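Scroll down for the structure; my scribbles are underneath it.
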Amino acid sequence: MNVGTDLILITGATGQQGGATARELLAAGHKIRAMTRNPDGDAAQALAALGAEVVRGDLDDADSLKAAMTGAWGVFAVQNTWEAGVELEEVQGKRQVEVAKEVGVPHYVYTSVQAAERNTGIPHFDNKGRVEASLKASGLPSWVILQPVFFMENLVTPWFKPAIDEGNLAVGIGPNTLLQMVAVADIGKYGKLAFENHAELNGRTIGIAGDELTMPATAEIISKHAGRTVTHFQVPIEELRKFSEDFAIMTEWFEHTGYDVDIEGTAKEFGVAPTSFADWAAAAAW
């Protein structure tokens, strides 16, 4: 690829993974087209200020996707299960692959979830596995699949932060269970690599994780940086099921199986120093 002239389209550019990848690529001098439903929003304008071309587009609108992908050398594709729902996310993922094939995109990067291909029984993992399968069967000339684990950033969302504010790291897994986590900024670094090293990485699936901790250890780190005592509280799985069957199934899977990224080996192969939870937590808005 030619830095600064070959155009890379980022779908979900104002989201976490798309935004992190866009910023990494822009900082390295790449030509970026950022697709968003709200080009006038703060996140989109921040990317524009960094040099991105911002365009309006919708994952549910094939025509807008085609317009955004036309002329792109590369595409970074991502969807949001919790916004779209499991079934629609799968449709969106497959639609992006189909449109990229139609317009002749040379290189495609799809961000999925670690273990998506393992038939976990988790609805929002398995649907990504089917999108991965459609990409592999698409005939696109070059592709890379990124598979991040649980986001560290999840802990400062409304899913977890209100309980943390009350002193409880409320999760459904037990005190001895290890959970692999990743900082979203690290996903952006691998997104950049997936484009810059496209020839070497063509056809690769890369699991991404930065740390592996029990929840009591995680709570201890949060306590240190939040300035208040936070302890692990194991939420009964029946309570999680009232909130979301999908989330409950995922939590049960964390408990009995879990992610299996080789954190040290991956860091050594790709030269990306993984962000530890302690380092991430030191800068988080607790």
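The values are calculated or read from the model by the stated rules, or taken from the named source; none is laboratory data. Computed from a prediction, not measured in an experiment: that's the story for all the values here. No Cβ is skipped: glycine too gets one built from the backbone with ideal geometry, and neighbour counts run over all protein chains shown. SASA here: full protein model, heavy atoms, side chains in, ligands and nucleic acids out. Shrake-Rupley method; radii C 1.70, N 1.55, O 1.52, S 1.80 Å.
Here are the numbers:
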{"quantity": "Carbon/sulfur fraction of accessible area - the stretch 129-241, other protein chains in place, 1.4 Å, %", "calculated": "52"}
{"quantity": "Dipole axis of the chain (+1 Lys, Arg; -1 Asp, Glu on Cβ), positive-most option in VAL182, LEU59, ILE221", "calculated": "LEU59"}
{"quantity": "Long-range amide H partners of SER138 with built H, under 5 Å", "calculated": "none"}
{"quantity": "Rounded accessible area per residue of the chain, 1.4 Å, Å²", "calculated": "43"}
{"quantity": "Amide H within-cut-off set for ILE206, under 5 Å, with H built and near neighbours excluded", "calculated": "ILE145, LEU146, GLN147"}
{"quantity": "Convex hull of the stretch 1-63 built on C-alpha atoms - directionally averaged projected area, nm²", "calculated": "4.2"}
{"quantity": "Convex hull (Cα only) mean projected area of the stretch 179-286, reported in nm² to one decimal", "calculated": "8.4"}
{"quantity": "When each of LYS128/LYS268; LYS31/LYS189; LYS161/LYS224; LYS101/LYS192; LYS128/LYS224 is checked by Cα-Cα distance, pairs over 24 Å", "calculated": "LYS128/LYS268; LYS128/LYS224"}
{"quantity": "For the stretch 64-147, radius of gyration divided by Kirkwood radius, i.e. Rg to Rh on alpha-carbons", "calculated": "0.96"}
{"quantity": "Estimated dipole of the chain in Debye, rounded to 20 [Cβ of Lys and Arg +1, of Asp and Glu -1, Cα centre]", "calculated": "580"}
{"quantity": "Phi-based couplings in Hz for the stretch 272-282 (Karplus 6.51, -1.76, 1.60; Gly and Pro marked x)", "calculated": "9, 5, x, 6, 6, 5, 4, 5, 5, 5, 5"}
{"quantity": "Förster radius 25 Å - calculated FRET efficiency between PHE160 and HIS256, Cβ distance, rounded to 0.05", "calculated": "0.70"}
{"quantity": "Hydrodynamic radius by Kirkwood, which averages 1/r over all alpha carbon pairs of the stretch 21-161, in angstrom", "calculated": "16.0"}
{"quantity": "Check: the stretch 27-69 dipole with +1 on Lys, Arg Cβ and -1 on Asp, Glu Cβ, in debye", "calculated": "220"}
{"quantity": "Over the chain, relative contact order from alpha-carbon pairs under 8 Å, at least 6 apart, %", "calculated": "17"}
{"quantity": "Helix-only [θ]222 nm of the chain, DSSP H runs n ≥ 4, -39500 (n - 2.57) each, per residue, nearest 500", "calculated": "-13500 deg cm²/dmol"}
